Amino acid sequence: MMQTVSARRQNQESVGRMLFERLLLGFENPAKVEGVCQFEIDGPGGEFYLVVEGDDMRYVEGRAATPSAHVHMSAAVAHELAVGDNLDFRDQVNLDQIVAEGDIEILGMLAQMTKLPNRDAGARFALAEQRAALLPRVAEPRRMTRPSAGEVATMIEQAIPIIVQGGLEGWDEAFGWTIATLAQHFGDVRVQSTLGISTLGEFCAHLADDDGQAPPYTIGSSLPAELCGFFPPPFFDPASFGPAQLWLGSGPGRISTLLHRDSGDAFLGQLIGRKEFKMYSPDQTPFMYVRKSYNRDQPCWVNPWEPDLAKFPLFANAVETSFTLHPGELLIIPRGWYHTVRALDTTMSIGFHREPVTDFGRILDAE
C-alpha cells in the first residue's frame, strides 16, 4: 500500500494514475470488500482497472477479463475527481457525467474514497465527542409536547435527542397527505431519486408497482420549490437552517438511511408512514467504525441491523437506543449522534439541518 515519493510522481503521468492516488488517500477496507472495477476514460488516461483485495488496492493498465463493475467518464471529469474538492454524488448533474454500473458495494466504496475529510465537520464531531464524555449518557430520546424554542435549544446543548409532539407548526395543510395526494396535486413536480430525475407522478407510480424491485427513494434530495411553502423550519430562525430535504418512498423493512453522523443538528418531521431508528451517542465513536473519507456527514462501515461482529467486533460494545417515529412527530438529533433508519411503511419525511456545514460537495459544470 505505501508508495515511495518517486513512485507517486510517476503516478502523475496520467489522469488515471492521478485518480488512483486520490483513492489511495481514502482507501480502507475493514468490510473485506473484493472486486475489480474497470475504468474507461475518454482521451488521455485510457483504460485501467482497480483490483480490491483485503487491505490492498492495485492499479492495472488495460482491460480486466471479468470486472465486477464499470465506470466511464471524460478525462476532464476524472481530473476533477483526482485533484479537485469533494463532489456531491447525490446531485444529478454530477451523476449524469459519470456512468457507473455493476457491483454497487465496490462502486459506493470507491465513490466515498474520493472524499477528503471535511475539516469543519471533523472539528464539530470532535467537540460532540468531548461534550458527550462529560455529560450523563442518554438512554433514550426525551419526549416533549409543544416545548418552547428555548427548551429545545437547552436539550440540543445538552446533546439530548428529542421527539416532539406539536412541533410542526405551519405544516397543518400537509397532515393527512398520502402518496395518492402527492400524485394528484403535485404530479408534475420534478424530484431527484433513485430513479434519476422524474415527476412526482412517475415516482408515485413506481412506488405503487409491486414488481419485486427495490421501491424508489429520494434519499434526502432537495425539497422541490413547489413544496417548500408547506414546510417551514421548526422553532428557530429559518435562516439558520440549510435547504429542506425530501425523504420519500422506500418500503417496509428497507434500510432507508445507513449508519452515519451529521455535523449539524438534524430536524426530521414525519408525515407519512413510520420509521424505526437506532441511535448511538457521540461517545460511542470507538465502536462505530467510522469511514476516514467524508464530507458534511460521516458514514460508518458497520450495519447495526445485521452487524457482522467477525469483521466489526468492537460494535458489540455499543450502547444503543431504538424507537419508532410516527406521523406528526418531529425528531431532533443533536450533531454528532450516530443514527440509522429502517422504514416500516412507505414513508415521507421532511428534514433540515440547523447551522449546517455548508459544503455539500461541488457540482460540476453541466456538459
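The values are calculated or read from the model by the stated rules, or taken from the named source; none is laboratory data. None of these values were measured; they are calculated from a predicted model. In this analysis, Cβ positions are derived from the backbone assuming ideal geometry, glycine residues included, and neighbour counts consider all displayed protein chains.
Okay, here's what the table says:
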| item | result |
| --- | --- |
| Tally, over the stretch 174-217, of residues that are in contact (Cβ under 8 Å) with a residue 24 or more places away in the chain and among the charged types (D, E, K, R) | 1 |
| Top-ranked residue of the stretch 341-362 - restricted to ones that are modelled with pLDDT of 70 or more and not in a strand (DSSP E or B), ranked as surrounded by the most Cβ atoms within 10 Å (Cβ to Cβ) | Pro356 |
| Some residue of the stretch 135-152 being within 15 Å of Gln284 (Cβ to Cβ) and without any contact (Cβ under 8 Å) to a residue 12 or more places away in the chain | yes |
| Test: Val152 is assigned to a strand (DSSP E or B) and either surrounded by 15 or more Cβ atoms within 10 Å (Cβ to Cβ) or on the phi < 0 side of the Ramachandran plot (or both) | no |
| Which listed residue is in contact with a strand residue (DSSP E or B) (Cβ under 6 Å, 6 or more places away or on another chain) and either without any contact (Cβ under 8 Å) to a residue 24 or more places away in the chain or not charged (D, E, K, R) (or both), from Pro313, Pro334, Pro307 | Pro334 |
| Subset of the stretch 76-94 (residues that are among the aliphatic types (A, V, I, L, M), over 17 Å from the mean Cα position of the chain (by Cα) and buried (at least 17 other Cβ atoms within 10 Å of the Cβ)) | Val77, Ala78, Leu81, Ala82 |
| Per-region count, the stretch 102-160, residues of a type in the set (S, T, N, Q) and within 18 Å of Ser263 (Cβ to Cβ) | 3 |
| Enumerated strands (runs of 3 or more DSSP E) restricted to the stretch 236-340, each holding at least 1 residues that are within 17 Å of the chain's Cα centre (by Cα) and surrounded by 22 or more Cβ atoms within 10 Å (Cβ to Cβ) | 245-249, 255-262, 265-272, 275-280, 297-299, 329-333 |
| The one condition in (1) over 30 Å from His326 (Cβ atoms); (2) at pLDDT below 95 that Pro136 fails to fulfil | (1) |
| Test: Val71 is of a type in the set (A, V, I, L, M, F, W, C) and under 25 Å from Val191 (Cβ atoms) | no |
| Criterion: in contact (Cβ under 8 Å) with a residue 40 or more places away in the chain and touching a Gly at 6+ places or on another chain (Cβ under 8 Å) - qualifying residue of Phe277, Phe235 | Phe235 |
| Residue list for the stretch 117-137, restricted to those being aliphatic (A, V, I, L, M) and buried (at least 19 other Cβ atoms within 10 Å of the Cβ) | Ala121, Ala128, Ala132 |
| Test: residue in the stretch 217-234 that is touching a Lys or Arg at 6+ places or on another chain (Cβ under 7 Å), at pLDDT 95 or above and not polar (S, T, N, Q) | yes |
